[in-house]
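What follows is a set of notes on a single structure, which appears directly below.
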Amino acid sequence: MADEHTGSEDLPAPRLTTKIGIDTEELTGRTFPYQFDRALVEDVDLIAATPGADINWLEDVHLMHEDGVPAVFDRYTNAFLKIHFEIPEGEEDTYARKVLITHLREGNSYGIWLKRKHAKFGQPELGPWRDDSPTVGEHWEPPALTGWEPPQGH
């Protein structure tokens with residue numbers, strides 16, 4: 001059997017599963033160290049990381065489960081970010097929030113990746129979670145297909 005990277009016809013092409021939810025690993029083909037190591041998110045100051053003075057959005061973030069694994073929902077990607085480390089009892093939502101804010105601040109959210117190409121107006125690439133975020137979308141142009149012309153009257 002040929003290696004999947006050779007483009008051989010005898011292997012199925014990678015595709016999304018047909019399960020109800022979609023997780024970040026499936027969309028990006030990657031995992032991130034802070035999903036596995038609690039020490040990497042221990043020192044996250046959620047108040048300091050909250051955009052502006054509005055902590056209400058963060059209060060809506062809760063630990064959930066996807067495929068039987070603890071996970072936090074990344075609404076910018078519309079997918080779950082699984083958490084593979086042991087979460088202390090009573091700290092479930094706190095750690096879900098710390099993992100999510102770390103994910104967003106590091107620019108690893110698939111939704112943030114899509115902004116680079118598809119943002120239609122100037123906005124911080126990493127959202128309001130980082131003051132040093134580059135701006136994307138200032139020079140957006142609609143995609144064009146080579147040789148395609150719109151029907152007359154449109």
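Observations on the structure shown:
- For the range 49-88, a residue qualifies if it is more than 28 Å from Gly29 (Cβ to Cβ), surrounded by 12 or more Cβ atoms within 10 Å (Cβ to Cβ) and polar (S, T, N, Q), and exactly one does: Thr50.
- Identity of the residue in the range 99-117, charged (D, E, K, R) and assigned to a helix (DSSP H, G or I), that ends up surrounded by the most Cβ atoms within 10 Å (Cβ to Cβ): Lys115
- Among residues of the range 72-106, those that are touching an Asp or Glu at 6+ places or on another chain (Cβ under 7 Å) and closer than 19 Å to Glu42 by Cα, counted: 5
- Annotation for the range 89-98: at least one member residue is of a type in the set (Ser, Thr, Tyr), farther than 13 Å from Thr24 by Cβ and in a helix (DSSP H, G or I).
- Check on Leu81, at pLDDT 90 or above, in contact with a strand residue (DSSP E or B) (Cβ under 6 Å, 6 or more places away or on another chain) and assigned to a strand (DSSP E or B): yes
- Scanning the range 121-138 for residues that are exposed (fewer than 15 other Cβ atoms within 10 Å of the Cβ) and aliphatic (A, V, I, L, M) yields nothing.
- Close contacts from the range 20-46, counting a first residue that is in contact (Cβ under 8 Å) with a residue 60 or more places away in the chain and a second that is in a loop (DSSP other than H, G, I, E, B) and charged (D, E, K, R), with Cβ to Cβ under 9 Å and a gap of 6+ residues or different chains, come to Thr24/Arg30; Phe32/Glu106; Tyr34/Glu106.
- For the range 137-154, the condition of being under 27 Å from Glu26 (Cα atoms) and outside any loop (DSSP other than H, G, I, E, B) holds for none of the residues.
- For first residues located in the range 121-134 and touching a residue at least 40 places away in the same chain (Cβ under 8 Å) and under 18 Å from His103 (Cβ atoms), partners that are surrounded by 15 or more Cβ atoms within 10 Å (Cβ to Cβ) and of a type in the set (Gly, Ala, Ser) and lie 6+ apart or on another chain with Cβ distances below 9 Å form the pairs Gly127/Ser109; Gly127/Ser133; Trp129/Ala49.
- Looking across the range 30-48 at every residue that is in contact with a helix residue (DSSP H, G or I) (Cβ under 6 Å, 6 or more places away or on another chain) and part of a loop (DSSP other than H, G, I, E, B), the one that is surrounded by the most Cβ atoms within 10 Å (Cβ to Cβ) is identified as Val41.
- Residue under evaluation Leu58, criteria (1) of a type outside the set (Gly, Ala, Ser); (2) assigned to a helix (DSSP H, G or I); (3) at pLDDT 85 or above, criterion not met: (3)
- Some residue of the range 140-154 being farther than 17 Å from Asp23 by Cα and either of a type in the set (Val, Ile, Thr) or modelled with pLDDT of 90 or more (or both): yes
The values are calculated or read from the model by the stated rules, or taken from the named source; none is laboratory data. Here the structure is a predicted model, which is why all the values come from computation and not from measurement. Note: ideal-geometry Cβ built from the backbone for every residue, glycine included; neighbour counts use all protein chains shown.
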